[in-house]
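First comes the structure, then the notes that go with it.
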Amino acid sequence: MKNPRCLPDLTLHVFEQDGGWHWGLTIERLHGTGKKVVAFSEKVFRSEAEARADGKRAYDNEHEGGLRRAALV
């Protein structure tokens, strides 16, 4: 797990997959095109609202500099 201090253009995504709701945080790639996932939920949520609320906590926590996240290559 890496913890960069500041992530530009951090975006929260909430989506349904395999019968449950998940969230992910992405940033724009510095080189190339597209987005890079920098954090995601491991828990499966029963509703979109639950996933969004948990993702929002993670998003807000990032702006305070405390989010633990996996940097996927």
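The values are calculated or read from the model by the stated rules, or taken from the named source; none is laboratory data. Everything numeric in this text was worked out from a predicted model, so none of it was measured. FYI the Cβ positions are ideal-geometry reconstructions off the backbone, even for glycines, and counts take in every protein chain you see.
So the values come out like this:
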{"quantity": "Pairs with Cβ under 6 Å, 6+ apart, first in the stretch 19-46 and in contact (Cβ under 8 Å) with a residue 40 or more places away in the chain, second buried (at least 19 other Cβ atoms within 10 Å of the Cβ)", "calculated": "Leu25/Val38; Leu25/Ala39"}
{"quantity": "Enumeration of residues in the stretch 1-41 that are among the acidic types (Asp, Glu) and either buried (at least 18 other Cβ atoms within 10 Å of the Cβ) or modelled with pLDDT of 95 or more (or both)", "calculated": "Glu16"}
{"quantity": "Every residue from the stretch 20-58 that is assigned to a strand (DSSP E or B) and not aliphatic (A, V, I, L, M)", "calculated": "Gly20, Trp21, His22, Trp23, Gly24, Thr26, Glu28, Lys35, Lys36, Phe40, Phe45"}
